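S.K.: Here it is, the structure in full.
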Amino acid sequence: MIEHLYIHIPFCPNICPYCAFYKESAGRERVEAFLDALLRETEQWAHRLRPRTIFFGGGTPSSLSIPQFEKLLAGLHSSLDLGKLEEWTIEMNPATVSSEKAQLLRKAGINRVSMGVQSWDNKILKALGRTHDAERAVESYGILREAGFENLSIDLIFGVPGQSLQSWRSSLEKSIRLAPEHLSAYGLTYEEDTDFFQKLGRGEMTPDEGLEADQFELTRELLGHSGYRQYELSNYALEGRDSIHNSAYWAGNDYLGLGPSAFSTVGSKRWRNIRDTGIYSETTFHGKTAVDFEEEATESLKSSERAAFGMRTLRGLSIQDAMPWELGLREALGHGLVEISSGRWVLTQRGRLLADNVAEIFV
């Protein structure tokens, strides 16, 4: 049985200039057709699903209306056996949080929220094209707590042009004072097909790698001193609050992705649904496949991916699991990027800053 389910909800009230995930603006009829198709796709897979984790990503899943959520959640409860469900996460934009919506989600069984705050500095929020300000984010966080959510994650972004080290420190300290169970701190990346990528190419934006390294180290220092364990390069959690869903993905477990653009890896197969909501909805609703890409997920490929993800985590790789890449790891050892600790290969402090270079060993 497949234990990990990802559902991609592509609709966004605003298209952020740095986001490369598949998304589009919502229209009522388009959303309704999507929900009908998504529930049909769920029914097609229900006999192979007994999820331990469900993750609503996007897009902005929380942009759905109350009636739309009621339809989606009722359909999932009707189709799926949720008897072993441990963690049900939804990504939420602070601008789309309401008390009624939060209470509905919590009552339906969603028990974890990942809220995309990104910064507590309004100037940086404006640069990132966000539709909320810091005051609204604080209000939304409070609404989620009042609704009974006891597992909240705050997402932050560093390396934003114009973001000083002090601005980043203030965002970290503000987040720590709110005491979420989990924090994700991502370095800004310039992905193709984004406005930021185009600005980078025109020379209108210039990354400051030295400042980004200082922001990364400050993150580890402040969060570590506040009880947050860096269990993966970009993810920090209080004891027992690691993301079960993401950890399963990094470990190479099978997972099913539903919705447009969603990837799946089940057994020796990997595939992706088409990156077009209209075509996805039309084909899936009529019982046809919406897959537009598939490949053989060989054991060699999955082993390489498990190794690359494993090196990004606190545990690293066991010496035995790392044997196929020992030569490359020995070279990285000579450059001070990795070390052996308690019988496992792990990144050094310098290696954490150059993790992408280390990952090339496993490609």
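Laboratory data are not the source of any read-out in this text; all were calculated from the coordinates shown. Keep in mind that this is a model prediction, so the values were computed, not measured. Note: ideal-geometry Cβ built from the backbone for every residue, glycine included; neighbour counts use all protein chains shown.
S.K.: Counting Lys and Arg as +1 and Asp and Glu as -1, each charge on the Cβ, what is the dipole of the chain about the Cα centre in debye, to the nearest 20?
M.R.: That gives a dipole near 600 debye.
S.K.: Which of the peptides 109-117, 165-173 is most tightly packed, and how do the rest follow, going by the mean number of other Cβ atoms within 10 Å of each residue?
M.R.: Taking the mean over residues of other Cβ atoms within 10 Å, the ranking is 109-117, 165-173.
S.K.: May I ask you to sort K23, K84 by Cβ crowding, counting other Cβ atoms within 10 Å and putting the fewest first?
M.R.: Placing the least packed residue first, the sequence is K84, K23.
S.K.: If contacts are Cα pairs under 8 angstrom and at least 6 residues apart, what is the relative contact order of segment 145-232 in percent?
M.R.: Relative contact order comes out at 38 percent.
S.K.: Keeping to pairs on different chains or 8 or more places apart, tell me how many lysine pairs in segment 2-250 have Cα atoms under 24 Å apart.
M.R.: 12
S.K.: I would also like to ask the following. Which whole-number percent gives the relative contact order of the chain, counting Cα pairs below 8 Å spaced six or more residues apart? Present the calculation step by step, with values, prior to reporting the outcome.
M.R.: Working: 635 pairs, mean separation 60.4, N = 363.
Value for the chain: 17 percent.
S.K.: Follow-up. Under a Cβ-Cβ limit of 4.7 Å, which cysteines in the chain have nobody to pair with?
M.R.: C12
S.K.: Using the number of other C-beta atoms within 10 angstrom as an exposure proxy, rank V160, V138 with the fewest first.
M.R.: V138, V160
S.K.: Restricting to DSSP H runs of at least four residues, report the calculated mean residue ellipticity at 222 nm for the chain, -39500 (n - 2.57) per run over all residues, nearest 500 deg cm²/dmol. Don't jump to the answer; show the numbers that get you there.
M.R.: Values: 14 runs with 146 residues, N = 363.
Helices in the chain give a 222 nm mean residue ellipticity of -12000 deg cm²/dmol.
S.K.: Return the percentage of antiparallel bridges among DSSP beta bridges fully within the chain, rounded to the nearest 5 %.
M.R.: Rounded to the nearest five, the antiparallel share is 45 percent.
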